[in-house]
1. Return the pair list, or none, for Cβ contacts closer than 7 Å from residues in region 287-298 that are within 16 Å of Cys87 (Cβ to Cβ) to residues that are charged (D, E, K, R), at least 6 apart or on different chains.
2. Name the residues in region 204-227 that are farther than 17 Å from Pro253 by Cβ and either surrounded by 13 or more Cβ atoms within 10 Å (Cβ to Cβ) or under 35 Å from the mean Cα position of the chain (by Cα) (or both), would you?
3. Given (1) at pLDDT 80 or above; (2) of a type outside the set (Ser, Thr, Tyr); (3) outside any loop (DSSP other than H, G, I, E, B); (4) not assigned by TED's automatic domain parsing to the domain that holds Asp287, identify the lone condition not met by Arg47.
4. Quick one: count up the residues across region 237-253 that are buried (at least 19 other Cβ atoms within 10 Å of the Cβ) and touching a Phe, Trp or Tyr at 6+ places or on another chain (Cβ under 7 Å).
5. Looking at (1) closer than 29 Å to Pro180 by Cβ; (2) part of a loop (DSSP other than H, G, I, E, B), find the lone condition where Ala305 falls short.
6. Scan region 255-302 for residues that are under 24 Å from Leu318 (Cβ atoms) and either modelled with pLDDT of 85 or more or assigned to a helix (DSSP H, G or I) (or both) and jot them down.
7. Taking the conditions exactly as written (assigned by TED's automatic domain parsing to the domain that holds Thr215 and either loosely packed, with under 13 Cβ neighbours inside 10 Å or touching an Asp or Glu at 6+ places or on another chain (Cβ under 9 Å) (or both)), does Val84 satisfy them or not?
8. Which of the residues belonging to region 161-200 are under 18 Å from Thr272 (Cα atoms), among the aromatic types (Phe, Trp, Tyr) and either free of Cβ contacts under 8 Å to residues at least 24 places away in the same chain or not in a helix (DSSP H, G or I) (or both)?
Amino acid sequence: MTRYAINRLLGMVLVLFLVSLFTFVVFFVLSPDPAVQICGKNCTPERIDQIRENLGLDLPFWTQFGTFLGGLFFGRTYEGSGAVIQCAAPCLGYSFQSSQPVTEMILQRLPVSATVAIGAAVLWLLTGVTGGVISAVKEDKFADRFITGLTLGGMSIPNYVLALLLQFVLVVSLGWLPFPQAVPFLDNPVQWFLNFIMPWVVLSIGYAATYTRLTRANVIDTLQENYVRTAKAKGLRPSLVWRRHALRPALTPIVTIFGMDFAGLLGGALITETVFGINGVGKLAADSITKNDQPVIMGVTLLAAFLVVVGNMVVDLLYSVIDPRVRVGASK
């Protein structure tokens, strides 16, 4: 098991290095002039030259990339407007448009995105797995067809359409909910819940539909396995057969997709946060794209990639807990 974990950790480091290299190439090599892109639309030639010199864009490629990686681990120094700017590790860059380190800008928005992601994840996991199990138990019956119809509808409706519809009905027409905004939980738990309930529902609908279909298919396939039939033949209680012999192996693919989906959402739900006007990492990315603030876009991209890779590694390690077959294979 220890060897398996070390191998996964080394693979994660390699993937993160390749992602960092690819992202750096896209933003600082393939771009016609990174200094112009970073500076923005309203910029003078003098400021462009200053940014190009401060970022070391006149240096060889590997020197630039090495400086960038060094900033991630040890921080780096920028010179701008006659002042020396310290960017502490992990330094994801510096936004000359906002005059802030990218890491600081992301950390300010990350708690909001985490709140949206965690609430939506709990909602879609509970409804998706529960609905899938019920649908599998009631295969080809009314409940199965009804849940299947709901999942098709949930997968078909776009997030932004559902978000605008809920805002119009629940906020504008009925006045049951306030316009969503980031309210601290400790200040007012009730208002915190009311402000986040719509983003949670909108973000979880599509995922819940996917998880329902996936759970249903996995549980039905697992019930056809020989060891499940043997457990039934031994006279074990149906609830015990479901819980120990059918549900746990069927959850392995669910854990895989959940780890990657949840990790990706921690990097920001761009559409949901933008439609609701919630100041999370996703909205920060959308605003940075509009302003062409390239260091921020690159920082959010690296954060999302890091979270997905780490989430994938955690999922691989959890396999040994959920599925004994993986634990046996990893120990060889």
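1. none
2. Ser204, Ile205, Gly206
3. (1)
4. Selection size over region 237-253: 1.
5. Failing condition for Ala305: (2).
6. Val255, Thr256, Ile257, Phe258, Gly259, Met260, Asp261, Phe262, Ala263, Gly264, Leu265, Leu266
7. So Val84 does not fit the description; no.
8. Those that are under 18 Å from Thr272 (Cα atoms), among the aromatic types (Phe, Trp, Tyr) and either free of Cβ contacts under 8 Å to residues at least 24 places away in the same chain or not in a helix (DSSP H, G or I) (or both): Phe168, Phe179, Trp192, Phe193.
The values are calculated or read from the model by the stated rules, or taken from the named source; none is laboratory data. Because the structure is predicted, anything quoted here is derived from the model rather than measured. Note that we place each Cβ from the backbone using ideal geometry, even for glycine, and neighbour counts take in every protein chain shown.
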